[in-house]
1. Does residue 29 qualify as being at pLDDT 90 or above, closer than 24 Å to residue 147 by Cα and under 20 Å from the mean Cα position of the chain (by Cα)?
2. Does the range 122-141 hold any residues that are surrounded by fewer than 11 Cβ atoms within 10 Å (Cβ to Cβ) and in a loop (DSSP other than H, G, I, E, B), and which are they?
3. Kindly establish whether residue 106 is in contact with a helix residue (DSSP H, G or I) (Cβ under 6 Å, 6 or more places away or on another chain) and at pLDDT 95 or above.
4. Being in contact (Cβ under 8 Å) with a residue 40 or more places away in the chain and farther than 13 Å from residue 53 by Cα is the filter here; which residues of the range 73-118 pass it?
5. Hey, residue 63 hits all of (1) farther than 30 Å from residue 143 by Cβ; (2) exposed (fewer than 15 other Cβ atoms within 10 Å of the Cβ); (3) touching a residue at least 40 places away in the same chain (Cβ under 8 Å) but one; which does it fall short on?
6. Across the range 96-121, what is the total count of residues that are out of contact with any Pro (no Cβ under 8 Å at 6 or more places or on another chain) and surrounded by 13 or more Cβ atoms within 10 Å (Cβ to Cβ)?
7. How many residues are in a helix (DSSP H, G or I) and either touching a Lys or Arg at 6+ places or on another chain (Cβ under 9 Å) or farther than 18 Å from residue 60 by Cβ (or both) when one looks only at the range 91-114?
8. Take residue 148 and tell me if it is of a type outside the set (S, T, N, Q), closer than 30 Å to residue 63 by Cα and part of a strand (DSSP E or B).
Amino acid sequence: MGTSSRAAAGERELAPGSIETLQAVTRVLTGVALRSVDVLDGAVTLPQLRMLAVLAQLGRARSVQVARALGLEASTVTRLADRMVTAGHVARGSEPGHRGVVTLELTHSGQELVRQVADWREQELTRILRKLPPASRAQLTTLLGQLVEAAGEGYGNISYTLVPV
């Protein structure tokens, strides 16, 4: 094996503990996401919150778009939407000229739930980051940005994000 081949192979090798550390980070961030639902005192389930988050990002959308964004069957989204409409968090409508096309959008109540969760997540992540020295925070931000970029499109899928409304 030539020098350049060995160098290329070495660049692909991972530092000891890399995967284990990323697994631990994944558990921490998943914990933050799961605990953020608790701030709503049982108002919605995690799947329902995912739907609200998607609608927060899409705005008024066809139910088939919501199903695609969530990676769910249309019938599953219909059942989720039924519960959210009954609870007053989602409004169901139709497109002008296409009465068979069902649209969904957040109500004020739904927007408020998404905002509460997003605010709690921001506060919790801030609390965690403040435990690091400022230089480490800056380095972490840069490195995690590179990780997101390396993961490529799709890992930042809207079905997994929660944006403030």
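The values are calculated or read from the model by the stated rules, or taken from the named source; none is laboratory data. Worth saying up front: this structure is predicted, and the values here are computed from it rather than measured. Neighbour counts are summed over all protein chains in view; Cβ atoms, including those assigned to glycine, are modelled from backbone coordinates with ideal geometry.
1. yes
2. 130, 131, 133
3. yes
4. The answer is 87, 102, 103.
5. (2)
6. Residues in the range 96-121 being out of contact with any Pro (no Cβ under 8 Å at 6 or more places or on another chain) and surrounded by 13 or more Cβ atoms within 10 Å (Cβ to Cβ): 16 in total.
7. Going through the range 91-114 one residue at a time, the tally reaches 0.
8. In short, no.
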